[in-house]
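Chemist: Just passing along the structure, written as structure tokens.
The values are calculated or read from the model by the stated rules, or taken from the named source; none is laboratory data. As the structure is a computational prediction, the values presented were derived from the model and not from experiment. Using ideal geometry, Cβ is built from the backbone for each residue, glycine included, and neighbour counts are taken over all protein chains shown. The accessibility values were calculated without ligands, DNA or RNA, using every heavy atom of the protein model including side chains. Shrake-Rupley method; radii C 1.70, N 1.55, O 1.52, S 1.80 Å.
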Amino acid sequence: MSLKIAAEIYPKSPSETVEEPLIVVNEYDEDRHKVAVEKLERLCEVGQSGKPSLVTDLMGDPICRIRHFQLHVMLVAEYGEEGEVVGVIRGCVKTVTRGNSVYVKLAYILGLRVSPRHRRFGIGTKLVQHLEEWCKQKGAKYAYMATDCTNEPSVNLFTKKCGYSKFRTLTILVQPVHAHYKPISSNVAVLRLPPRLAGSMYNQLFANSEFYPKDIDLILSNNLNLGTFMAIPKKYLSKCDPKRGILPPSYAILSVWNTKDVFKLQVKGVSPLAHACCVGTRLLDEWMPWLRLPSFPDVFRPFGVYFVYGLHMEGKCGAQLMKCLCAFVHNMARDGGGCGAIVAELGQRDPVRDAVPHWSKFSWAEDMWCIKNLHKDSSQTSDWFTSRSSSPVIFVDPRDF
């Protein structure tokens, strides 16, 4: 299946005649497209000259970020007779809550790349449009995308050309993994919950939230999920029985997703002085861990990330217990090796947000989510724009990260 489009090229003068290059959009084929897609990804990762840039290594799997969705696709835009790959886009379709326990089929659009030499020809717009058609065929009622609010080209493409609306703003919190262990109160017990029990609890806790996935059981049983953990005061340990729904007055819960087996990140373009300072803090932390120095992780070599999701806390000690859980995850990452940071993404009204340790310098205050109704003529799908969820919580699917 393909879609032929003509890229918009503006002639230098009215008298000039310009041939419209042929662009064909096809579904990704590993044998035909893998090498070219990897080359395109490298071209698009290059940052501004003289400035640090964050490079992503997909570890030889261009569809790694969508592979764990049951319905997913990657499209490529090919140019000219030789079929040069000049653009890619990824997408998936899932069923999620839109608040108040109401489920809707939703498409998630990500990984849009256009070759620097072929931009401003409308290729990105056409890739989005073609992906939207695929998503509609799979039953999606809405489509959404996420981007940093400072990424003006991305925001303008989706909001001004593709009809998306700014919908929700979330905060990405990043905690570096240090060489030392983080202390955990001796008065706190950390329990590991079986996937089935964790799913049952999440179904109750997040029923009224937005974007809570219906296939949570598949997420919790995935090999990338390192577990669901609950922190409780030790004095309630003998009285607590989560399997029977008996919980203490205060507790905290979260799950951990291992992205380091999916993709790696690396910081490039840092000045030698900044690099030396960062390495120095790390060495001091390794030599004198009892000082618990806030050392800089080794992000100058490929590193992975642990993504924490499903964060919830209850009771007057909930915030303290959440901090203990985050320390527990930090120590997991420290022992696991190759993990440079722990990341959480939370809605700006989520009460958990203030309890999650993070470095402000590494975090993003505004991760913008834009959404579009793929069935504009349907009155049944307009409620999400006009109604407000009774819960301030937005559930972030770890597969989206």
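Chemist: So which of Glu286, Glu314 is open to solvent by 50 Å² or more (accessible area, probe 1.4 Å), touching a Leu at 6+ places or on another chain (Cβ under 8 Å) and of a type in the set (Asp, Glu)?
Modeler: Glu314
Chemist: Which ones in the stretch 218-257 are under 29 Å from Cys370 (Cβ atoms) and more than 17 Å from the chain's Cα centre (by Cα)?
Modeler: Leu218
Chemist: Would you mention how many residues in the stretch 296-313 are touching a residue at least 40 places away in the same chain (Cβ under 8 Å), farther than 29 Å from Met230 by Cβ and either in contact with a helix residue (DSSP H, G or I) (Cβ under 7 Å, 6 or more places away or on another chain) or assigned to a helix (DSSP H, G or I) (or both)?
Modeler: Residues flagged as touching a residue at least 40 places away in the same chain (Cβ under 8 Å), farther than 29 Å from Met230 by Cβ and either in contact with a helix residue (DSSP H, G or I) (Cβ under 7 Å, 6 or more places away or on another chain) or assigned to a helix (DSSP H, G or I) (or both) within the stretch 296-313 amount to 2.
Chemist: Residues of the stretch 240-257 being over 24 Å from Ala344 (Cα atoms) and part of a strand (DSSP E or B), which ones?
Modeler: Those that are over 24 Å from Ala344 (Cα atoms) and part of a strand (DSSP E or B): Asp241, Ile246.
Chemist: Hey, another quick one. Could you pull out the residue among Gln137, Gln129 that is loosely packed, with under 14 Cβ neighbours inside 10 Å and more than 30 Å from Leu293 (Cβ to Cβ)?
Modeler: One residue alone meets the criteria, Gln137.
Chemist: To continue, here is another question. Cβ-Cβ distance below 7 Å, separation of 6 or more or different chains: which pairs start in the stretch 107-131 with a residue that is farther than 21 Å from Cys370 by Cα and end on one that is among the hydroxyl-bearing types (Ser, Thr, Tyr) and not in a helix (DSSP H, G or I)?
Modeler: His118/Tyr79
Chemist: If you don't mind, another one. Kindly list, by first and then second residue, each pair from a residue in the stretch 168-193 that is over 26 Å from Met145 (Cα atoms) to a residue that is open to solvent by 20 Å² or more (accessible area, probe 1.4 Å) and of a type in the set (Asp, Glu), limited to pairs with Cβ atoms under 8 Å and residues at least 6 apart or on different chains.
Modeler: Ala179/Glu286
Chemist: Step by step: first the residues of the stretch 364-384, then only those that are farther than 25 Å from Phe401 by Cβ and open to solvent by 30 Å² or more (accessible area, probe 1.4 Å), then the one that is modelled with the highest pLDDT. Which residue is that?
Modeler: His375
Chemist: Further, regarding this structure: Residues Leu265, Leu247: which one is under 22 Å from Arg65 (Cα atoms), surrounded by fewer than 19 Cβ atoms within 10 Å (Cβ to Cβ) and aliphatic (A, V, I, L, M)?
Modeler: Residue meeting the stated conditions: Leu265.
Chemist: Within the stretch 226-244, can you find the residues that are crowded, with 18+ Cβ neighbours inside 10 Å and of a type in the set (S, T, N, Q)?
Modeler: The one that is crowded, with 18+ Cβ neighbours inside 10 Å and of a type in the set (S, T, N, Q): Thr228.
Chemist: Go through the stretch 215-248 and count every residue that is closer than 22 Å to Val352 by Cα and in contact (Cβ under 8 Å) with a residue 24 or more places away in the chain.
Modeler: 15
Chemist: With respect to Ser186, determine if the residue is part of a helix (DSSP H, G or I), surrounded by fewer than 18 Cβ atoms within 10 Å (Cβ to Cβ) and of a type outside the set (Asp, Glu).
Modeler: Spelling it out, it is not the case that Ser186 is part of a helix (DSSP H, G or I), surrounded by fewer than 18 Cβ atoms within 10 Å (Cβ to Cβ) and of a type outside the set (Asp, Glu).
Chemist: Continuing with this model, one more query. Give the residue, chosen from Tyr103, Tyr108, Tyr79, Tyr144, that is open to solvent by less than 10 Å² (accessible area, probe 1.4 Å) and either out of contact with any helix residue (DSSP H, G or I) (no Cβ under 7 Å at 6 or more places or on another chain) or not hydrophobic (A, V, I, L, M, F, W, C) (or both). Give the derivation first.
Modeler: Numbers: Tyr103 fails: open to solvent by less than 10 Å² (accessible area, probe 1.4 Å); Tyr108 fails: open to solvent by less than 10 Å² (accessible area, probe 1.4 Å); Tyr79 fails: open to solvent by less than 10 Å² (accessible area, probe 1.4 Å).
Being open to solvent by less than 10 Å² (accessible area, probe 1.4 Å) and either out of contact with any helix residue (DSSP H, G or I) (no Cβ under 7 Å at 6 or more places or on another chain) or not hydrophobic (A, V, I, L, M, F, W, C) (or both) holds for just one of Tyr103, Tyr108, Tyr79, Tyr144, which is Tyr144.
Chemist: Hey, any hits in the stretch 49-60 for a residue that's at pLDDT below 95, part of a strand (DSSP E or B), of a type in the set (A, V, I, L, M) and surrounded by 15 or more Cβ atoms within 10 Å (Cβ to Cβ)?
Modeler: Yes, the conditions are met somewhere in the stretch 49-60.
Chemist: Next question. Among Val73, Val88, Val46, which is the only one that is out of contact with any Lys or Arg (no Cβ under 6 Å at 6 or more places or on another chain), among the hydrophobic types (A, V, I, L, M, F, W, C), modelled with pLDDT of 95 or more and surrounded by 12 or more Cβ atoms within 10 Å (Cβ to Cβ)?
Modeler: Working: Val88 fails: out of contact with any Lys or Arg (no Cβ under 6 Å at 6 or more places or on another chain); Val46 fails: modelled with pLDDT of 95 or more.
Sole residue among the options that is out of contact with any Lys or Arg (no Cβ under 6 Å at 6 or more places or on another chain), among the hydrophobic types (A, V, I, L, M, F, W, C), modelled with pLDDT of 95 or more and surrounded by 12 or more Cβ atoms within 10 Å (Cβ to Cβ): Val73.
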